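A short write-up of the structure that comes next.
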Amino acid sequence: MDHSLDYDVRITLERLLPRLKPKANSDKEWAAFEANLNTQFPRLFALLRSLYGDQYDFYYHLENTLETLLIAYQERPSVLRNQDKKRQADPLWFKRETMLGAACYVDLFAGDLKALREQIPYLKELGLTYLHLMPLFKAPEANSDGGYAVSDYRQVNPALGTMNDLKRLAAALRKEGIVMVLDFVFNHTSDEHDWAVRAQHGEQEYLDYYFCFDHRSQMAPYEPYLREIFPEIRQGCFTWRDDMQRWIWTTFNSFQWDLNYRNPAVFNAMLGELLFLANAGADVLRFDALAFVWKEAGTTCENLPQAHSLIQAFNAAARIAAPGLLFKSEAIVHPDDVVRYINTDECQLSYNPLTMAMLWNTLATRDVTLMTRSLQARFPIPPDTAWVNYIRGHDDIGWTFDDTIAWSLGTDPDHHRRFLNQFYTGQFPGSFARGVPFQENKTTGDCRVAGQLASLAGLEQALNDQDAEEVRRSINRIMLMHALILSIGGVPLLYLGDELGLLNDYSYQQDVNKLNDSRWVNRVAVKDADLELRHQPDTPNGQVYAGLQRLVAIRKATPLLGDAHTHIIETGNPHVFGFTRTRDAETLLVLANFADFEQSLDQSLIDSLLTGGKPTDLLETKPSSDLKTLQPHQVRWLIVQQ
């Protein structure tokens, strides 16, 4: 029998709610929960039925999902419920011009969670309203892929503290207006997770939590279509376990076991972990490796439609139990695939790997054409979502631009990527950069690039050469990129240490557990002595910090850098990148000179975009009558003051 979705939803609720309601603590609690449920259940039901409706026990698992949601709602602290109500009334709170984010590893920045709480005055001084703590949960000691192999989502790494320490930190940050962002590593667990250990002991229930194969022939429908993520470390996407006499699906590392989301019990189990983190005080969860979460024979098992349905189901469920929670996508894939995860019903926030890659591309080439065309095509996203714009982070740089756009500009994309790799690893003549190859293939020249922002922008080489003029140029490059991520639209994200101009840390080369992962070169410890450098204006560190502080202060005082439309423009000069930010009748024009020499624009461009008065440059300390000329690496924020 075919029924409408509305009918099926109504009948399902009529059957399940009488079994669920007695578990509520009060009529008032039930009324509030039921209001959220009635709003989101039709969407949640449709999504879960599309994924699991063909399974004989679908309604059993659906009832478990509702029980999980009610328990999480009951356990949600009142302060977070009140925050949920405020955010539901102000759903675009994350798009304000006051937003400024930063990411850090707790141990590298502060030592542990208690010490990080003591650093909140510094975070406030920096202007932060958003703090992303890199993976901090219990993980294998020897090698955990930087914390991305989670052994227990409800225990903090003992070296960093306890879950109570994390909750206290979240409360302290909340009091100061700083949202806490945590990683939701949901594609895989470590092989030390209790589920994986029970699978190793042969418990069928937990073998079904993962992809465990008795014979290699069972992998044949998948294996030919899968790409290797870390080909220089390990071959293939499957790991043989002698102790189990089975093959395990391990997309990333042999100790990271991919979860089997074709099993609805896995969805429910991970939903419980997600809501536990939300109730611990996470305001935003970064969905790690979300492109890989659904497996289907005969496909690449990346960016499948079911992956989107799965994340949307998590989204609908979260809006029932923790409606103020936001999701952030992490998809370092083709630009067309990145934008498909960005939607208020999927991930409201998304890392912007294309803009990051294009900033570095343009810094090397001094030509803005590829960046302009790429962002014209891929920067627009729904108005109730936002990019998280960053320059560097804990990971490597992958050159994820669209080959089609490159070819249309007469650029061979493979040759261009090799050039960028050579430039940023210091192998190209005239390069100012000092990066390190990551996952380098010596035969093909293919690799990705690791390195601190300051080292990649030329500061390391300039200091080694004791070249004062090149030090100045390097600082200008750093300021140029920051001025763009602070103005282009979305949440600007710093990687703590970059605001101080810290350089590469090569000590990983002496650590046997890190030697094969060059990304540790840009996972730099920030010491007290480093923080003190911000007070020394005669040092490059102090100059970078002061320059960034000034940019942040101007951003926070400029509403057009918050919730406003971004339009990438053609400036008529191949070295000058430009875009406008508009809202109602107001416009702000951003121009950035990527060249090493002075550049000029046609005055008619500025006049056509900024009308109604004489424009001023928010970034100039002294008024200028010649706004069409930009010095090397200069950025202008032009506006007609109302």
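Brief remarks follow.
- The number of residues in region 411-457 that are touching a residue at least 40 places away in the same chain (Cβ under 8 Å), open to solvent by less than 20 Å² (accessible area, probe 1.4 Å) and in contact with a Cys (Cβ under 8 Å, 6 or more places away or on another chain) comes to 1.
- Scanning region 208-237 for residues that are open to solvent by 90 Å² or more (accessible area, probe 1.4 Å) and within 26 Å of the chain's Cα centre (by Cα), we see that the one that is farthest from residue 253 (Cα to Cα) is 227.
- Residue count, region 448-471 (criterion: part of a loop (DSSP other than H, G, I, E, B) and of a type in the set (S, T, N, Q)): 2
- Test: residue in region 182-202 that is open to solvent by less than 10 Å² (accessible area, probe 1.4 Å), more than 30 Å from residue 246 (Cα to Cα) and not basic (Lys, Arg): yes
- Only one entry in 183, 152, 191 is closer than 22 Å to residue 327 by Cα, touching a residue at least 60 places away in the same chain (Cβ under 8 Å) and among the acidic types (Asp, Glu), namely 183.
- Test: residue in region 382-398 that is more than 20 Å from residue 595 (Cβ to Cβ), among the small types (Gly, Ala, Ser), modelled with pLDDT of 95 or more and open to solvent by 20 Å² or more (accessible area, probe 1.4 Å): no
- Applying the condition of being closer than 24 Å to residue 370 by Cα and out of contact with any helix residue (DSSP H, G or I) (no Cβ under 6 Å at 6 or more places or on another chain) to region 319-338 and asking which residue is least open to solvent (accessible area, probe 1.4 Å) yields 338.
- Out of 618, 591, 630, 561, sole residue that is more than 14 Å from residue 368 (Cβ to Cβ) and open to solvent by less than 20 Å² (accessible area, probe 1.4 Å): 561
- Region 399-410 - residue that is closer than 16 Å to residue 362 by Cβ and either in a loop (DSSP other than H, G, I, E, B) or among the hydroxyl-bearing types (Ser, Thr, Tyr) (or both) and, of those, most open to solvent (accessible area, probe 1.4 Å): 409
- Residue that is surrounded by the fewest Cβ atoms within 10 Å (Cβ to Cβ) [pool: residues in region 467-494 that are within 21 Å of residue 97 (Cβ to Cβ), out of contact with any Ser or Thr (no Cβ under 7 Å at 6 or more places or on another chain) and not hydrophobic (A, V, I, L, M, F, W, C)]: 482
- Considering the conditions (1) exposed (fewer than 15 other Cβ atoms within 10 Å of the Cβ); (2) hydrophobic (A, V, I, L, M, F, W, C); (3) at pLDDT below 95, residue 520 is excluded by exactly one of them, (1).
- From the options 144, 190, 151, residue that is at pLDDT below 95 and at negative phi: 144
- Those residues of region 366-402 which are farther than 26 Å from residue 430 by Cα and charged (D, E, K, R), in sequence order: 373, 378, 384, 402
- Condition met for residue 533 (farther than 30 Å from residue 610 by Cβ, touching a Ser or Thr at 6+ places or on another chain (Cβ under 7 Å) and modelled with pLDDT of 95 or more): yes
- Of all residues in region 125-143, those satisfying the criterion of being open to solvent by 20 Å² or more (accessible area, probe 1.4 Å) and either over 22 Å from residue 349 (Cβ atoms) or without any contact (Cβ under 8 Å) to a residue 12 or more places away in the chain (or both) are 125, 138, 139, 141, 142, 143.
- Checking residue 577 against (1) farther than 23 Å from residue 389 by Cβ; (2) under 25 Å from the mean Cα position of the chain (by Cα); (3) not in a loop (DSSP other than H, G, I, E, B), the condition it does not meet: (1)
- Residue 158 vs. criteria closer than 26 Å to residue 512 by Cβ and either out of contact with any strand residue (DSSP E or B) (no Cβ under 9 Å at 6 or more places or on another chain) or without any contact (Cβ under 8 Å) to a residue 40 or more places away in the chain (or both): yes
- Taking the listed residues 611, 616, the one that is over 20 Å from residue 473 (Cβ atoms) and either under 34 Å from the mean Cα position of the chain (by Cα) or not in a loop (DSSP other than H, G, I, E, B) (or both) is 616, with no other qualifying.
- Residue in region 21-33 that is open to solvent by 50 Å² or more (accessible area, probe 1.4 Å), more than 27 Å from residue 280 (Cα to Cα) and not in a helix (DSSP H, G or I) present: no
- Region 395-410, residues that are in contact (Cβ under 8 Å) with a residue 12 or more places away in the chain and either within 18 Å of residue 440 (Cα to Cα) or touching a helix residue (DSSP H, G or I) at 6+ places or on another chain (Cβ under 7 Å) (or both): 395, 396, 397, 398, 399, 400, 401, 402, 405, 406, 409
The values are calculated or read from the model by the stated rules, or taken from the named source; none is laboratory data. The structure presented is a predicted model; accordingly, all values stated were derived computationally and were not measured. Note that each Cβ is placed from the backbone with ideal geometry, even for glycine, and that neighbours are counted across all protein chains shown. When the accessible area is computed, the model is the full protein with side chains, heavy atoms only, and any ligands, DNA or RNA have been set aside. Shrake-Rupley method; radii C 1.70, N 1.55, O 1.52, S 1.80 Å.
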